[in-house]
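Enquirer: Mind looking over this structure? Questions follow.
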Amino acid sequence: MTNTLHRFGKPEDLRDDYIVFTLASPGINDIGSAQKARDFLRAALKYAPVNLAGTSPMFRPEKRLNLFKLYIRGRREAVSPEQIIEEMETPGRALVVFDNKPALEGFLKEIKEMDLGLSVNVSSLVDTVREIASRTGTLPHSINYSLGFRGNLYRLPDQQVLALTTMCGHGLIASNFAKKMIDRVKERRLTPEKAAGYMAKFCVCGAFNMARAERLLREARISQ
């Protein structure tokens, strides 16, 4: 089971959302797993992921923020992929997010050839994964489904907000914050890129899809 399953949206709205992550099991295959996770991320960089994470995420709040950093130097919105790779710790865990199928397919083909000996999971529409798996010669070990929302659905935020907040499977992007970012974009006070970057900093696992968030925010601005 993975927290990345519960992305809200119609199938056509998930056409640019593909998550791949690798995990090691302590005491089973964790020896050398940090280096294997580094190799996983280095291979992913060839396919231009829109987000990635290792022991820590790429988008993260900046510590010891002061007036100089805020107004003169400017905020550091993200750390480099090289820093993510250097910070990797055992047991190896790495995650990447792509916004197109060719990138996902090319990456999976390369990972299969690398044969890292780690568990590799893909979160996307099931039909898409099956299609790509058949072309890459990969046989999925198992499939998990998200069964959607249950209960009093009238208490849920609107669909624009849900599409953004559910990209953080740990629920760390507050609905009111996402709504504020949508409103700021509509008011032309923030660009979709800036607003998406602010939300991404709350997603500690790095599964937040920056490209999809920017698209959703642009669409929200147009639909006002």
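The values are calculated or read from the model by the stated rules, or taken from the named source; none is laboratory data. The structure presented is a predicted model; accordingly, all values stated were derived computationally and were not measured. Every residue, glycine as well, gets a Cβ built from its backbone with ideal geometry; the counts of neighbours run over all protein chains shown. Accessible surface is based on the protein model in full, side chains and every heavy atom, while ligands, DNA and RNA are left aside. Shrake-Rupley method; radii C 1.70, N 1.55, O 1.52, S 1.80 Å.
Enquirer: Mind listing whichever residues of the range 119-130 are open to solvent by less than 60 Å² (accessible area, probe 1.4 Å), in contact with a Pro (Cβ under 8 Å, 6 or more places away or on another chain) and farther than 14 Å from residue 21 by Cβ?
Expert: 125
Enquirer: Still on this model: Select from the range 207-224 the residues that are assigned to a helix (DSSP H, G or I), within 18 Å of residue 10 (Cβ to Cβ) and not aliphatic (A, V, I, L, M) and list them in ascending order.
Expert: Listed by number, the residues that qualify are 212, 215, 218, 219.
Enquirer: Name the helices (runs of 4 or more DSSP H) wholly within the range 133-201 that hold at least 2 residues that are β-branched (Val, Ile, Thr) and surrounded by 15 or more Cβ atoms within 10 Å (Cβ to Cβ)?
Expert: 159-165, 175-186
Enquirer: Quick check, is residue 116 open to solvent by 20 Å² or more (accessible area, probe 1.4 Å), hydrophobic (A, V, I, L, M, F, W, C), in contact (Cβ under 8 Å) with a residue 60 or more places away in the chain and assigned to a loop (DSSP other than H, G, I, E, B)?
Expert: Judged against the criteria, residue 116 is a match.
Enquirer: Among the listed residues 92, 27, identify the single one that is surrounded by 12 or more Cβ atoms within 10 Å (Cβ to Cβ) and at pLDDT below 90.
Expert: 92
Enquirer: I've got another one for you. Inside the range 79-89, can you point out the residues that are surrounded by fewer than 17 Cβ atoms within 10 Å (Cβ to Cβ) and among the aliphatic types (A, V, I, L, M)?
Expert: 79
Enquirer: How many residues are under 20 Å from residue 101 (Cβ atoms), of a type outside the set (A, V, I, L, M) and crowded, with 18+ Cβ neighbours inside 10 Å if we restrict to the range 30-51?
Expert: Result for the range 30-51: 4.
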